[in-house]
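What follows draws every value from the coordinates through simple rules; no lab data is involved. Quick caveat: nothing in here was measured; it's all calculated off a predicted structure.
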Amino acid sequence: MIHRQDTGLFPFLPTAAPSYRARMASFEVTLKDHTVEYIDEADAYQQEGTMTTFFRNSEPRQVVDSWSHRVFSVRTTEVLMIRLVDEASTLPGARPLWAVHAAATS
């Protein structure tokens, strides 16, 4: 009879990046009528003509390009504020990671 003891070590070394990604950012968009839209799993946003579009990018890339996936679009004239939020910022009294006011960028 052979007794095997688990050492807790991996029997092999990983050769690739993990198959899961870190949690993506979420954005909170306040519209002119004071409604709030929450956009989850978006990495970035940019203005495209008359629309502001939110994108999801591939893991190592930090740019919006033809490989990015469009997640949500809204007419830019309807946007009052865009906030980057994390889970902790949904608690009462929490502050956003950063905010952009449409009036300041127009």
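Amide H contacts under 5 Å for Ser26: Val85, restricted to partners 5 or more places along the chain or on a different chain, H placed in the peptide plane at 1.01 Å from N. Using the alpha-carbon positions of the range 41-81, Rg (one decimal) and Dmax (whole number) come out as 10.5, 32 Å. Glu78 to Val63: extension gain in nm, 0.36 nm per residue of separation minus the Cα-Cα distance? Extra length available between Glu78 and Val63 comes to 2.9 nm. For Asp43, nonlocal amide neighbours, meaning residues 5 or more places apart or on other chains whose placed amide H falls under 5 Å from its own, are Phe55, Arg56, Asn57.
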